1. Over every pair of different alpha-carbon atoms in segment 289-333, take the mean of 1/r and invert it; report that Kirkwood radius in Å.
2. State log₁₀ I(q)/I(0) for segment 183-342 at q = 0.12, 0.14, 0.15 Å⁻¹ as given by the Debye formula over alpha-carbon point scatterers of equal weight, solvent excluded.
3. Using unit Cβ charges (K, R positive; D, E negative) and no other charged atoms, how large, in debye to the nearest 20, is the dipole of segment 268-337 about its Cα centre?
4. Taking a ≥ b ≥ c as the square roots of the Cα gyration tensor eigenvalues, with a/c under 1.5 meaning rounded and otherwise prolate when a/b beats b/c, else oblate, which class fits segment 97-184?
5. Starting from the Cα of residue 347, step 7 Å along the direction of its Cβ; do the same at residue 402; then give the gap between the two resulting points in nm.
6. Please list the radius of gyration and Dmax for segment 362-505, considering alpha-carbon atoms only, with Å as the unit.
7. Counting heavy atoms of the protein chains only and a 1.4 Å probe, report the per residue accessible area for segment 94-222 as a whole number of Å².
8. Ignoring any ligand, DNA or RNA, what whole percent of the accessible area of segment 269-394 comes from carbon and sulfur when the probe is 1.4 angstrom?
Amino acid sequence: MKNRDNKNIENKETKKEKGSFLSKPVVKPENTRKKRNLETNIISFVFIGLFFVMIIYSVFFTSSEAKSIADNPYNPRNAVERSPDVRRGTIYANDGTILATTSVGEDNKEVREYPTNNLFSLVVGMSRGAGSGIEGGANKELTTSSSKQEVEVSGDGKAEKEYYGDNVYTTLDPKLQQAAYDALGDYTGAVVAVDTQTGKVLAMVSKPDFNPNEAGTKYNEWASISDENSVLINRASQGLYAPGSTFKIVTALEYVKEHPDDYKDYSYICEGTTSVPGGTVVNCYHRTAHGHEDLNDAFLNSCNCAFSDIGLKLDMERFRATAESLGMNEALPVEIESSKTRFDLNSKSSISEIQETSFGQGNLYMTPLQMAMITATIANDGIMMKPYLIDKVVSSTGEVVKQNAPTVYKNGIADASEVAAVQGFMKNMVSRGAASVFGSAGYSVAGKTGTAEYADNNDLAHLWFTCYAPANNPKIAVTCIVERSEVSTIVPERICKAVLDAYLD
């Protein structure tokens, strides 16, 4: 009734206005002209402003963005850049295993084949459309014929000449890939293994996956699956997750950097839960009271309460600088699709944001590949190598067209003594802490567990484990995430151990 009454009042007022011409103010023509001129001037200035903005953006785009967009495998132009007289080259693993190749059927049509079926599906990708994975990232190399060697055509063949495209040799190790694939099993998640000293990606598995040989009949079905269960998303390089307690590696490093002389004196009494004025209530797992802790104990116990306290003692601008020196707030420069990670803290952040981010929650998201590179950086004494998947490009006649080499990506992250302190925390985490699954291994491991909340259900979480080995002479870093798993399980640790066993044993 109230709305209807308001409507009636509006109608009466409208009728009154229409019935009384004298009730309206008299507008002089001179005032009307001034008003129109003002409106015209405003519109003109708006369009002039937009024009200058377009010019500035055009200059910026040409100088900064054009090349990266032109080279992006999602650019549809790259899908048709292949010269019609070049047969797409072959993709190999690091031991010569064929991962993708082109054959010719009885109808003389070229068919892209993937002999390993699902095993390398997401990292190798498909040549369909603009391409994905290595197929997309190395599209230009695979469709270029450096040798100009003619394809041998049997029978009638084709009238026009065709040349063999260049071949791509990857850094991927089939033995490690198989170990990671088998260990992940039916779980949803990802596994990444990298060489700590070179940045070579040795294994990259994401599940659920697909058989690229079936793309012709099943692609539309795959594309219709929601993101949470998508088989087309490479969770290892594209999946963005809260890192949970694995991020305490970064928080601990920053505390040591800001307190190089007295970090060993850090002291905290954990009562299982804590709150501070203006902040949020922080609970340790099952509200476990850890009692008195120093920094090493807080890391070993993965104490959320202690790390929320540590975070509030940090300089936020320095914390942000350290996170970004480890590759946060950007996408890693790897040859396949890679998501931009996120670290939001700055000098204006709220107390609760600082608390949550410091123990790996809040507005903090990263990919398993990013966490693997951070772990490899700690193992490599604070030097982050550039991750890469393509070892070399070779012509059809065997000449090396391009040879990639290890490249330093980030340096000056921390002093050797500061990194050594975190290495010690990670060693103790495995030898004395929750990662007891490695007790029977014939090698030493340094690592960190992580439990990332993703919903209100406290019984399920995204479970992480990240590590490197051997602990005293690091060669390989492995990171695993298992989505929506029971909190009490140690599945990620076992998966990482399977990969380390394949590499070190």
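1. Taking the inverse mean of 1/r over all distinct Cα pairs, segment 289-333 comes out at 12.2 Å.
2. -0.73, -0.91, -0.98
3. 300 debye
4. Prolate.
5. If labels sit at residue 347 and residue 402, their model points lie 4.2 nm apart.
6. Over segment 362-505's Cα set, Rg and Dmax evaluate to 17.4, 58 Å.
7. Here the residues of segment 94-222 average 44 Å² of exposed surface.
8. Here it works out to 46 percent.
The values are calculated or read from the model by the stated rules, or taken from the named source; none is laboratory data. Owing to the predicted nature of the structure, the values given are computational and were not obtained by experimental measurement. Neighbour counts are summed over all protein chains in view; Cβ atoms, including those assigned to glycine, are modelled from backbone coordinates with ideal geometry. Note: accessible area is taken over every heavy atom of the protein model, side chains too, but ligands, DNA and RNA are not part of it. Shrake-Rupley method; radii C 1.70, N 1.55, O 1.52, S 1.80 Å.
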